[in-house]
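The structure appears right after this line, and notes come after that.
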Amino acid sequence: HFNTTTGYGYNDLGRETLEKVYADVFHTEDALVRPQITCGTHALALALSANLRPNDKLVYISGKPYDTLEEVIGIRPSNGSLAEYGVKYDQVDLLENGEFDFEGIKEKITNDVKVVGIQRSKGYATRPTLSVEKIGQAIKAVKEINPNIIVMVDNCYGEFVEEIEPSDVGADMIVGSLNKKSGWRACSYWWIYLWNKNKCIENCSYRLTTPGLGKEVGANLGVMSSFY
Ligand SMILES: Cc1ncc(COP(=O)(O)O)c(C=O)c1O
């Protein structure tokens, strides 16, 4: 599993097993855990752009997303943003006490909403972190409106803080980067990206590499022992 692969990276046993381990730990169907995903913002941009198409709508229900996502989504105009590709955006702010606004969620989850975003950790905001239990309640509310909506949780800084993860309470994709976590070896290529259900798995792999190639390529270039 620690062998170096180069070139295309077909049949990389170390990479494929590592992704199975992550899927097992997070109780997901599959995972993308790759040095080619450069940071948390990249992982989130990948998850969103892989699953949204022109005229689809993204709604964040935990208020304004982490600052770097403003450029990814196009809340702040930016070259290459989702807005430039015709993806619409709206958000439901948290209530003053930091709780989800269930009335607001009902109002804003319209037929054109494809992906709902929830940010677990507070980033630069002053609100409390959202517990997995509360995230589960919000996911339930969203799925009651439309079970086909893909719920993506920005899990940055959240991994292993509680005994359960958002993937245990119905999230379709959970996205994060492990290198910032205290107690973990500081290592610049500990970026992870996980998903749970739907076709999210395929979509993300096609966006990370290319349509048709997906997860099959991606040489590990000798970094596998650090990932394990
Ligand atoms: C909640 C949250 N989302 C996304 C990010 C972006 O991660 P990165 O800085 O690795 O791009 C961070 C970074 O701290 C974060 O706290």
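The values are calculated or read from the model by the stated rules, or taken from the named source; none is laboratory data. All values derive from a computational prediction rather than experimental measurement. Backbone-built Cβ (ideal geometry, glycine too); neighbour counts: all protein chains shown.
Here is a list of conditions, (1) crowded, with 16+ Cβ neighbours inside 10 Å; (2) closer than 24 Å to residue 35 by Cβ, and residue 149 meets all of them except one; can you say which number that is?
For residue 149, the failing item is (2).
Any residue that is free of Cβ contacts under 8 Å to residues at least 60 places away in the same chain, surrounded by 15 or more Cβ atoms within 10 Å (Cβ to Cβ) and within 16 Å of the ligand (Cβ to nearest atom) - is there at least one of those in the range 101-114?
no
Return yes when residue 98 is outside any helix (DSSP H, G or I) and within 21 Å of residue 129 (Cα to Cα) and no when it is not.
Working: outside any helix (DSSP H, G or I): yes; within 21 Å of residue 129 (Cα to Cα): yes.
Here the answer is yes, as residue 98 does meet what is asked.
Just one of 34, 53, 76 is among the charged types (D, E, K, R) and crowded, with 19+ Cβ neighbours inside 10 Å; which is it? First the steps, then the outcome.
Details: 53 fails: crowded, with 19+ Cβ neighbours inside 10 Å; 76 fails: crowded, with 19+ Cβ neighbours inside 10 Å.
Just a single option satisfies the conditions, and that option is 34.
Only one of these is of a type outside the set (Ser, Thr, Tyr) and within 16 Å of the ligand (Cβ to nearest atom): 72, 92, 59. Name it. Quick ask: steps written out before the conclusion?
Details: 92 fails: within 16 Å of the ligand (Cβ to nearest atom); 59 fails: within 16 Å of the ligand (Cβ to nearest atom).
Testing whether each residue is of a type outside the set (Ser, Thr, Tyr) and within 16 Å of the ligand (Cβ to nearest atom) leaves just 72.
Looking at the range 20-38, which of its residues are closer than 21 Å to residue 116 by Cα and either within 14 Å of the ligand (Cβ to nearest atom) or β-branched (Val, Ile, Thr) (or both)? So that I can check it myself, show each step before the final result.
So the first thing to find is which residues in the range 20-38 are closer than 21 Å to residue 116 by Cα, and the list is 26-32.
Result: 28, single match.
Mind listing whichever residues of the range 156-176 are in a helix (DSSP H, G or I) and over 15 Å from residue 117 (Cα atoms)? If you could, list the steps in order and put the result at the bottom.
Keep residues of the range 156-176 that are in a helix (DSSP H, G or I), which gives 166-169.
Residue satisfying the conditions is 168 alone.
Go through the range 116-131 and give me each residue that's away from the ligand (no atom under 11 Å from the Cβ) and either modelled with pLDDT under 95 or surrounded by fewer than 21 Cβ atoms within 10 Å (Cβ to Cβ) (or both). Even if it seems obvious, please write down each step before you answer.
Going through the range 116-131, the residues away from the ligand (no atom under 11 Å from the Cβ) turn out to be 116, 126-128, 131.
The answer is 126, 127, 128, 131.
In the range 39-56, how many are under 15 Å from residue 209 (Cα atoms) and away from the ligand (no atom under 16 Å from the Cβ)?
Final tally of qualifying residues: 2.
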